[in-house]
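Notes follow once the structure below has been shown.
The values are calculated or read from the model by the stated rules, or taken from the named source; none is laboratory data. All values reported here derive from a predicted model rather than from experimental measurement. Neighbour counts are summed over all protein chains in view; Cβ atoms, including those assigned to glycine, are modelled from backbone coordinates with ideal geometry. Side chains included, ligands, DNA and RNA excluded: accessible areas come from the protein's heavy atoms. Shrake-Rupley method; radii C 1.70, N 1.55, O 1.52, S 1.80 Å.
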Amino acid sequence: MGVRSVGVGYAWLGRSQRLWRLLLLAVVGGLAIGLTNCTTGNQTSVPSPTGTAAPPGVLVFGSGGQPVNLEPGNITDGNSIFVQQQIYNRLMEFKPGSTDLQPSLATEWSASPDGKTWTFKLRQDVKFQDGTPFNAEAVRFNVERWWDPNHPHGYRNAGKVYEIWSQIFGGFKGDPNSLLQNVVVVDPYTIQFVLKQPFAAFPQAIASSFFGIASPTAIQTAGASYGTPGSLAVGTGAFVFKEWRTGDRVILEKNPTYWKAGLPKVNQLVIRFITDPAARLAQVRAGQVDFTVDLAPDQKQEVDGDANLTAISRPSMNVGYLALNPAYKPLSDRRVRQAIAYAINRPAIVKAFWGDLGQHTPHFLPDALAWANAANLTAYPFDPQKAKQLLSDAGYPNGFDLELWYMPVSRPYFPTPKAIAEAFAADLSAIGIRVNLKTQDWAAYLTDRRKAPGYQAFMLGWTADFGDPDSFLYPHFGPKSTDDIGNWKNDQVFQLLNQGRAIPDQAGRAKFYTQVDQILHDEVLRLPIVHSEPLLAQRKAISGWVPSPLGTEPFEAISKP
């Protein structure tokens, strides 16, 4: 789908800021009443609407959108990860509901005394879903195709970029910033990773959801089409890929030879793509979907009022932000970016759209990682007059035109992106910034923001893939991770991030991350809007779902009668 421009009603936006604040107060008041009613003992439970229920033994998940692809290492979005989690295993996995590591395809791991070599002992007698063996050579094949731009089965000439690898690990093979230096097969079930410098969180990083281990045979068979609709997706996981109906669903079947005894608990898993939160909830209530994620906070009352549903809050380990691209001339001036920070009434917007399920802080990191945040940092207060003065000082007394892009799908950090973007636009219009809201389909949205010169401003967010500051900061501000904000570069930030990686103890690392926090606050490149507790819902008939603070989890232990 091509870009579609969504015009803002400038006659309405041109009214005083007081109108938007009154509207916000009305929304906040209504939401507060709704959330209060959710917790009273007198609320009335109502039956679910009727519909065509999912058949017994078939577990149906309502995803917020379609995957970009099913190829490990070549995605950054949660919709892809939800599907990949079911098909692939990683070397390690995270304990249910936690950020703590536990064995998966690797049974044990250790670092050399200098911290530069990590050794992993691999699980034996595991096979890929196509019957080929899992071993150290298979791990090396996967890692090297992500890392090595010249790998014969990386298919870079077909447009594959593996951007998450460079974002987390500093660069590709041959790049001076590449953390990885070599991958060594010690024996059929032992593999080593040789690093340029110590990285205390390396096991957590390689265990993140992006890096499922795929069948080398399947990749070589499918070639550049691997992981796309109509092609192959083969791992060692609980479910076997059967079909991808573009725009509708992915169908997975139980892996009869799964190496975890007794799992999965259901025979078939269907992942449906339902972009609208209201539609997702309606289908859960009707029994057409068994469980879903990323509902709008004001839907909690509806979930709590249905006797057949249970509301669940995912622990917060995310950030929703507004990116300001300095490649666009007005935004190249830090004063203009700071003016935008003063102009947007972030606390009121968070209260209006998230209620008690969202928090605004001045930090890019959530409170779960508060040890790495600068203690004395104060959020930019809502101050339109200060914003106007900064614009005037920067040479824009009459404002300027700004294209602001919002995602077309609900995400954990932005469950209702269009409405939130309209709130931003209203606040910015009050200081003379004339906003044109734009969007396009999800895959293109993610890709095109990185094509020079990039979007002028855009909404995006991040859910950590491991419980460490590095999971937030390096993919957004490290080397090879700022091409969506004009290839912004700050050598001091790079140095501080690398120093923070190398030290194993938390107190020592905090000294570096708190300095990064202050620099990012001053630069206003990815303006933090919210740290949310995403609202999820399930039918009470299913059991065994333990949502992860990291945003996605395997569904292998979920039961359905």
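Worth a mention:
- Members of segment 365-398 found to be surrounded by fewer than 17 Cβ atoms within 10 Å (Cβ to Cβ), out of contact with any Gly (no Cβ under 7 Å at 6 or more places or on another chain) and in a loop (DSSP other than H, G, I, E, B), listed by number: Ala375, Asn376, Leu377, Thr378, Ala379, Pro381, Asp383, Gly395, Pro397
- Residue in segment 544-551 that is open to solvent by less than 10 Å² (accessible area, probe 1.4 Å) and of a type in the set (Phe, Trp, Tyr) present: no
- Taken as a whole, the condition of being over 24 Å from Phe134 (Cβ atoms) and either of a type in the set (S, T, N, Q) or open to solvent by 10 Å² or more (accessible area, probe 1.4 Å) (or both) applies to Pro229.
- Strands (runs of 3 or more DSSP E) lying entirely in segment 175-266 (those with 2 or more residues that are within 27 Å of the chain's Cα centre (by Cα) and either modelled with pLDDT under 95 or farther than 19 Å from Val126 by Cβ (or both)): 190-195, 239-245, 249-254
- Test for Gln181: is it in contact (Cβ under 8 Å) with a residue 40 or more places away in the chain and of a type outside the set (A, V, I, L, M, F, W, C): no
- Top-ranked residue of segment 504-532 - restricted to ones that are assigned to a loop (DSSP other than H, G, I, E, B) and of a type in the set (A, V, I, L, M), ranked as farthest from Thr482 (Cα to Cα): Val524
- The set of residues in segment 88-108 that are open to solvent by 40 Å² or more (accessible area, probe 1.4 Å), out of contact with any Lys or Arg (no Cβ under 7 Å at 6 or more places or on another chain) and not in a loop (DSSP other than H, G, I, E, B) contains only Pro103.
- Selection count, segment 240-269, where residues are farther than 20 Å from Gln288 by Cβ and either open to solvent by less than 40 Å² (accessible area, probe 1.4 Å) or of a type in the set (A, V, I, L, M) (or both): 8
- Against the test of being over 28 Å from Arg90 (Cβ atoms) and of a type in the set (Phe, Trp, Tyr), the options Tyr258, Tyr342 yield a single qualifying residue, Tyr342.
Let's see how each residue does on (1) of a type in the set (Asp, Glu); (2) crowded, with 17+ Cβ neighbours inside 10 Å; (3) within 28 Å of Pro366 (Cα to Cα):
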| position | (1), (2), (3) |
| --- | --- |
| Leu404 | no, yes, yes |
| Met407 | no, yes, yes |
| Ser410 | no, yes, yes |
| Asp427 | yes, yes, yes |
| Asn436 | no, no, no |
| Tyr445 | no, yes, yes |
